[in-house]
Amino acid sequence: MKRILIINLRRFGDIFYSAQMIGGLLDKYPTAEIYYLTYQESVRAAHVFSQLQGLYTIDREKLGILLKGGPFSMAHAFKELRNCLQNVGFEWDLIVNISNCSVSAFLTSYLSHAKENYKGIRYSTNGTLEFSDDWIAWANEIMVDLAITPFSYMEIFQKSLEFNSNLQTRVELVHSKEHDISTHNVFSKLHDFRASEKVYVVALQLSASTSDKSASYEEAVQLIQNIFDHQNLYPLLLVGPSENERVFARKLNADLENTLFVVESDFIGLNSVLRTVDLLLTVDTSIKHLAAIQNTKLLELQFNTNLLFKMPANSGSPVVLLNREKIDHFQPCAQFIADCCSHIVQNKSLSLEAPAGASLFEYSLEHGFSLIKTGSQEIREMHAYYSYQRACVTFALELKLESMLCNVSKELLAEYREILSNILAAYREISQDGEASASKIFNAINKLEPANYNMSPFKTLLAVRKGQVQSRFSNDVESNRKIFKEFLLNAKDEFADLKQLIINKQGSVSRRVRIPTQEREEYEI
Amino acid sequence: MYQQFQNQNSSLQIAYSRSNLPVPIWRGVQLHSIYDPIKEAENFITSAFAPLREKKNLLIFGLGFGYHIASLLKKLNEEGLQTTVMVIEPEEEIYRKFLEIIGPGSFKIIAGKSVRDLYRDQNFIDFLCKKPGIIRHPASFNLHVEYFKELLSYRATNTVAELREICELPKNSELDCLLGNFAPDTHLFEIAKYEVMEQDFFLMEMLNAISATVKEGRA
């Protein structure tokens with residue numbers, strides 16, 4: 001039986017999002033005991049997972065006070081932290097650090113000290129960042145600098161842990177019987193209220209952590225009104241237990257002549273509500289992931305283009321992207337969203353025309369985001385770039401070549417030749433110079449990049465390998481030189497494999513006959 | 001006017017008030033009213049407690065014979081507040097006599113510890129982390145003004161020596177041996193920059209990183 005520890009030092013949304021990780025781990029290791037380590041301030045989100053064997057917490061607030069200085073010594077904080085982690089122990093078969101931050105990286109180094117039982121990032125004993133595998137290296141070395149995220153962090157971990165894309169294990173949530181009964185009673189009355197025809201209840205969560213992610217008051221009124229006016233939809237407003245949201249709901253309800261059902265609940269209560277509604281329409285990521293865990297149908301609204309590809313929910317969930325700058329009147333968008341809701345609850349395909357400023361996407365674990373409808377050329381280009389990046393990375397790290405890359409293979413092969421020539425030049429330079437200095441190695445590494453700075457599988461692989469080799473460097477220049485030479489030889493072989501795949505896929509005999517040239521180059525190295 | 005308990009060898013004397021309640025006198029200074037200590041305590045708590053009503057934890061400087069604390073607990077009870085009270089008393093003898101004459105109360109007391117030892121006391125540190133409101137019992141505070149000033153202005157050194165003391169490391173434990181490589185006055189931030197990161201040093205770095213996130217959060 002495997003003992004697995006998930007480290008997640010993030011907020012509610014990310015904790016719910018990690019349900020995919022728990023499901024994947026249970027799918028892969030059905031008898032595993034899974035434990036969770038998070039900050040005290042986020043633990044109530046983790047309490048919803050019923051399949052966890054145990055929950056450990058770090059009291060960041062207390063540590064923050066102890067680290068303020070003054071009468072408190074760092075030694076107090078050290079003692080507190082060490083005591084917290086004493087219960088966690090070191091006997092883990094696998095530690096999955098999904099936080100991807102420096103705090104969790106140091107924590108992983110501590111818990112997996114002198115072992116290789118981790119996934120994610122940690123620090124090596126010489127203080128450099130270590131990656132458990134190529135996917136994690138790519139996410140940390142390259143993805144962080146990209147404007148568009150071709151893979152979400154959870155997808156990266158699914159790749160890293162080699163999960164099946166068709167997960168079988170359902171993550172189970174803690175439910176309160178009391179909440180289940182009261183929710184059921186309320187909803188039966190709601191259905192009775194409009195009993196003449198089939199009515200689908202649409203729960204709306206229209207507030208998020210920031211105002212640019214939230215629906216404005218006017219947008220909220222129009223959305224709710226359109227759902228009210230729809231022949232087979234009925235709206236239900238969800239609010240979190242905060243005074244701001246209560247005020248927002250009261251004002252909305254006053255404007256809608258107190259006809260709106262408003263539900264305020266904590267996470268456990270929310271589970272019961274989400275199980276009972278027919279669809280969740282949400283701008284908030286936390287509740288989106290909570291709904292996704294229990295397969296509640298959902299439609300996500302996004303107002304911020306930059307966030308589009310970052311945290312997708314389960315396979316098959318649609319997203320409406322609203323670009324406020326391109327929207328003159330919100331009414332057509334509100335109508336479009338209500339129509340989308342109606343189609344989703346009735347399992348109809350989403351073939352509606354998107355009004356100006358609105359775009360419709362669908363997400364699947366295997367293919368990422370597909371663009372269903374848009375009137376915007378800009379969005380089309382953004383999505384094409386997203387797909388191309390995705391294909392490049394998958395090809396570089398998993399050798400899966402999509403037709404999209406075959407179409408541009410001439411350019412790719414040109415890039416291959418450029419990088420290969422850079423590798424050869426670097427190898428010669430380092431081999432000939434008997435007294436290579438640290439800066440010489442550093443310069444040689446930097447000169448490996450091709451002049452063309454577009455995304456490609458070769459550049460992806462090069463960046464991943466560079467990140468990995470640099471983390472192995474120490475203060476010993478001679479040893480670094482050896483490591484670098486070894487890196488160049490391996491990179492050359494890997495690149496040759498990639499190139500060969502492109503040539504084979506193309507079926508170009510003329511390119512295959514060039515292999516002897518390649519062999520000559522290898523001999524030179 | 002009032003009965004008086006005297007022990008020539010002690011700094012502590014016990015007098016009895018008009019209302020026949022024991023009043024400690026430390027080196028000639030009486031710590032409660034000699035007329036009506038309960039009335040005095042109630043008046044004091046009414047004004048001292050008002051600005052601290054929202055606090056879930058209260059730290060009292062000075063025990064005396066606890067009339068002010070009894071008055072505070074009564075007020076908390078009347079208002080239905082679940083507030084935790086901790087008392088710091090510099091003189092252990094006063095505390096012992098309090099136990100003997102008045103008896104233990106439903107609050108935590110730390111007595112007779114030096115300021116330095118107080119900051120080595122985990123219960124005290126845990127309590128301070130809860131950001132308690134502070135109530136100064138005027139007579140006790142004035143009597144031990146230097147002690148309480150030192151308590152309020154204490155600064156940790158953040159050195160290897162302090163880490164050893166606070167963590168009470170067993171001799172020859174792994175961390176104790178590691179720390180043996182450093183001079184006792186080495187700052188703890190420095191040991192994390194050691195060339196090879198030992199297991200426990202990762203925790204030091206982790207704390208540095210947490211400190212940065214907490215500062216970001218505050219900003």
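In the structure shown, the pairs A:Lys119/A:Lys466; A:Lys28/A:Lys447; A:Lys297/A:Lys326 are assessed against 31 Å; a Cα-Cα span above that value is assigned to A:Lys28/A:Lys447. A simple rule links phi to the HN-Hα coupling: the Karplus curve 6.51 cos²θ - 1.76 cosθ + 1.60 with θ = phi - 60°, which for the stretch B:149-161 gives 4, 5, 4, 6, 10, 4, 10, 6, 9, 6, 10, 4, 4 Hz, with x for Gly and Pro. Sparsely packed loop sites in the stretch A:347-432 (the GluC sites (Glu not before Pro) outside DSSP H, G, I, E and B with at most 12 other Cβ atoms within 10 Å) comprise A:Glu353, A:Glu366.
In chain A, the DSSP-assigned H stretches of four residues or longer account for a calculated mean residue ellipticity at 222 nm of -15500 deg cm²/dmol, using -39500 (n - 2.57) per stretch and the full residue count as denominator. Counting neighbouring beta carbons within 10 Å and listing from fewest to most, the residues B:Asp200, A:Asp284 come out as B:Asp200, A:Asp284. Taking amide H positions as modeled 1.01 Å from N, with prolines and chain starts lacking one, the residues under 5 Å from B:Ile135 and 5 or more places away or on another chain are B:Leu59, B:Ile60, B:Phe61.
Based on the Kirkwood radius over alpha-carbon pairs, what is the Stokes-Einstein translational diffusion coefficient of the stretch A:4-125 at 10 °C with 1.306 mPa s viscosity, in µm²/s? In µm²/s, the coefficient is 106.
Mean partner shielding of peptide A:105-117, defined as the number of other chain Cβ atoms within 10 Å of each residue Cβ, is 4. Ordering of A:219-231, A:175-187 by packing is A:219-231, A:175-187, highest average first (other Cβ atoms within 10 Å, averaged per residue). For B:Thr84, the residues whose amide H sits under 5 Å from its own are B:Asn57, B:Leu58, ignoring neighbours fewer than 5 places away on the same chain, with H placed 1.01 Å from N. In order along the stretch A:462-467, the Karplus-derived 3J(HN,Hα) couplings, from 6.51 cos²θ - 1.76 cosθ + 1.60 at θ = phi - 60°, round to 4, 5, 5, 5, 4, x Hz, and Gly and Pro are given as x. In terms of other Cβ atoms within 10 Å, A:Ile287, B:Ile102 run from fewest to most in the order B:Ile102, A:Ile287. Annotation: the stretch A:177-394 has a Kirkwood hydrodynamic radius of 17.8 angstrom, from the mean reciprocal C-alpha pair distance. In plain terms, the residue of A:Met1, B:Met206 with the fewest other Cβ atoms within 10 Å comes first and the most crowded comes last, giving A:Met1, B:Met206.
Across the stretch B:37-153, the mean sequence separation of Cα contacts (distance under 8 Å, 6 or more residues apart), normalised by length, yields a relative contact order of 34 percent.
The Rg/Rh ratio for chain A, using Cα coordinates for both the radius of gyration and the Kirkwood hydrodynamic radius, is 1.02. Per residue of A:89-102, other chain Cβ atoms within 10 Å of the residue Cβ number 1 on average. Against chain B, whose longest principal axis comes from its Cα atoms, helix B:67-78 is set at around 80 degrees.
Scalar couplings 3J(HN,Hα) for the stretch A:98-111, obtained by applying the Karplus form with A = 6.51, B = -1.76, C = 1.60 to θ = phi - 60°, are 9, 6, 6, 10, 5, 4, 5, 5, 5, 5, 5, 4, 5, 6 Hz; x denotes Gly and Pro. Centre-to-centre, using Cα atoms only, the stretch A:4-24 and the stretch A:68-113 are separated by 18 Å. In loop segments of the stretch A:436-498 as defined by DSSP, the trypsin sites (Lys or Arg not before Pro) with at most 16 further C-beta atoms inside 10 Å of their C-beta are A:Lys447, A:Arg472. Mean partner shielding of peptide A:78-86, defined as the number of other chain Cβ atoms within 10 Å of each residue Cβ, is 4. DSSP beta bridges confined to the protein assembly as shown are antiparallel in about 35 percent of cases.
Straight-line cross-link reach from A:Lys115 at under 21 Å between alpha-carbon atoms covers these lysines, not counting any fewer than eight positions away in the same chain: A:Lys2. Positive end of the dipole of the stretch A:177-394 (Cβ unit charges, origin at the Cα centre): among A:Ile227, A:Phe267, A:Asn347, the Cα lying farthest that way belongs to A:Asn347.
Dividing the summed -39500 (n - 2.57) terms of all DSSP H runs of n ≥ 4 by the residue count of chain B sets its mean residue ellipticity at 222 nm at -13000 deg cm²/dmol.
Sites listed here are GluC sites (Glu not before Pro) in the stretch A:232-306 whose DSSP assignment is loop and whose Cβ has at most 14 other Cβ atoms within 10 Å: A:Glu257.
Annotation: amide H-H contacts under 5 Å for A:Tyr118 (H modelled 1.01 Å from N, sequence separation of 5 or more, or interchain): A:Ile95. Expressed to the nearest 5 percent, the antiparallel share of DSSP beta bridges inside chain B is 45 percent. Look at the alpha carbon pairs under 8 Å that are at least 6 residues apart: their mean separation over the length of the stretch A:358-482 gives a relative contact order of 22 percent.
Here, each number is a calculation from the coordinates, and none is a lab measurement. Everything numeric in this text was worked out from a predicted model, so none of it was measured. All Cβ positions, even for glycine, are placed from backbone atoms using ideal geometry, and neighbour counts span all protein chains on display.
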